[in-house]
Amino acid sequence: MLRASIREISTALKEGQVSPTELCQKCLSLIKATRFLNAYITVAEETALKQAEASEKRHKQGQTLGLLDGIPVAVKDNFSTAGIETTCASLMLKGYVPPFNATVVQKMLDQGAVLLGKTNLDEFAMGSGSTDGAFGPVRNPWSYSRQSRGKCTQNPKAQNEDTSWFVTGGSSGGSAAAVSSFTCFAALGSDTGGSTRNPASLCGVVGLKPTYGLVSRHGLIPLVNSMDVPGILTRCVDDAATILGVLGGHDPKDSTTVQDPFQPFQLPSLTKLKNLRIGIPKEYNIPGLSRETLTVWSKAADLFEKAGASVVDVSLPHTGYSIVCYHVLCAAEVASNMARFDGLEYGHRSSADKSTEALYAATRREGFNDVVRGRILSGNYFLLKQNYEKYFLKAQKVRRLIATDFAKLFSSGVDILLTPTTLSHAVPYIEFIKEDNRTRSTQDDIFTQAANMAGLPAVSVPSALSEEGLPIGLQFIGPAFHELQLLTVAKWFENQVQFPAIQLERIMDHLDTVSHQEQSTFSS
């Protein structure tokens, strides 16, 4: 039942094959069984069960609110949730309970979705491994799968000593792990430079970054306002389209959202690809790209060609500058956005009281980790009067050139770009932390951040298992507001590759020993 698609489980709920309360309890039990993954910061058990009970009444009366009614979902912990702690995985916001819901959260609740809890991330979404949050790193469920050659221990007593597990990617690693381990049917992430697509690739799930402006950012605690987009993590492309249909459209509370009405869509099944033109950017074949990922990428291109699509080599000439440009702009906007956390209005407040300046300094030193403080310092340096033109303005000009590269390609007849999502499959945690956050982010965002700077839609689709039994994802990038075409092509590819479902039998079997009547307690 937990492996079903959103449409399948929605039908099962309507036909009475399972009740919303039973489904919610099953998910909560699985969250408890997989606590060692550290996918959730907060589990809203009481709230979720109340929402499930309300959904059950609506189903019995035949008055469901929508396709998501009764379906358990999770939300990354940088989206505001009324009455539920929202921390951004930072001590700065520990204990902060927002008085309102982010628009995307409210839209899902309006459809009757059951909110299970808030998922783990890198502090303030700054990172690519979900290893730098205040509440500990997230473990990749594939570390414990039957397919993985790593064979991490599933003995709960030995899990603290086990260091051979793999990272999830980030910064939406908690959401990716939650979907991958079947604890929810969909989860919200955020995507500023690849934070939804990167963990989707490493955890073997679908990760969609919509066009900038298609989905409201209201209530998403900002990292980089000009690039942040709410992301969608699901187990199949159809489910991502379903969630996008709920979330898309204009929001009066976010002036950057598109004014045109957004129509939800169901993905058609592609049968003929002869009119499809797939572009393979030569600049994405770079040193550091693993042999296995390159092979999967090449095979995917061959797959499209054999099916009748036109596959052409293309060039995005300014790609080499994009990661540096991205980090300059990212740091500058981070410095501006983090200024609001001063210890006066909300969040952590230091006990230092010698002066206002001392209070500011102590609050930010105690509340932020080294990664966040480092980015603030970098951003303020780029924004200094003597540096502004040399760094920030120049990066803005390069960003325009990068966006123009994409626009020229799509106007030349290319429909979709096919690229790797990440350089390789997931790496062990002990290897990942040998390099600092900035170095890792530079490596892991290399294929994804350009789509954010150009504001384009992109989706990562699980494509194959590596020799170690770990997922490898590929990325499809489309023209702005062409999500229907992008996801239709992604769905065709998904159907062709038939990516294997993760085998977590020993964990799933454990559920049978957990009573549905058990009153489990979750602490944040």
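The values are calculated or read from the model by the stated rules, or taken from the named source; none is laboratory data. Everything numeric in this text was worked out from a predicted model, so none of it was measured. Cβ: placed from backbone, ideal geometry, glycine included. Neighbour counts: every protein chain shown. These area figures cover heavy atoms from the full protein model, side chains too; ligands, DNA and RNA do not enter into them. Shrake-Rupley method; radii C 1.70, N 1.55, O 1.52, S 1.80 Å.
A few remarks follow.
- Here region 362-465 has 56 percent of its accessible surface on carbon and sulfur atoms, given a 1.4 Å probe and all protein chains in place.
- Residue 346/residue 225 FRET efficiency (R0 22 Å; Cβ-Cβ; nearest 0.05): 0.70
- Sorting 235, 3 by accessible area puts them as 3, 235; the probe is 1.4 Å, largest comes first, and only protein heavy atoms count.
- The value of relative contact order for the chain, using C-alpha pairs under 8 Å at least six residues apart, is 18 percent.
- Under 5 Å, built H, 5+ apart or other chain: amide partners of residue 166: 140, 143, 429
- Order by protection proxy (mean Cβ within 10 Å, highest first), peptides 37-44, 175-182, 283-290: 175-182, 37-44, 283-290
- Counting only DSSP H runs of at least 4 residues, each contributing -39500 (n - 2.57), and dividing by the residue count of the chain, the helix-based mean residue ellipticity at 222 nm comes to -11000 deg cm²/dmol.
- Label positions at residue 354 and residue 370, each projected 7 Å from the Cα along the C-beta direction, are separated by 2.5 nm.
- Heavy-atom accessible area for residue 482, with the other protein chains in place and a 1.4 Å probe, reaches approximately 90 Å².
- Which listed pairs, of 274/408; 274/299; 76/209; 32/76; 26/491, have C-alpha distances above 24 Å, in listed order: 26/491
- Low-density loop cleavage sites - trypsin sites (Lys or Arg not before Pro) in region 343-437, where at most 14 other Cβ are within 10 Å (DSSP): 354, 385, 434
- Accessible area expressed per residue, the chain, with surrounding protein chains retained (probe 1.4 Å, Å²): 39 Å²
- Among the protein heavy atoms, those of residue 121 account for about 0 Å² of accessible surface (1.4 Å probe, every chain in place).
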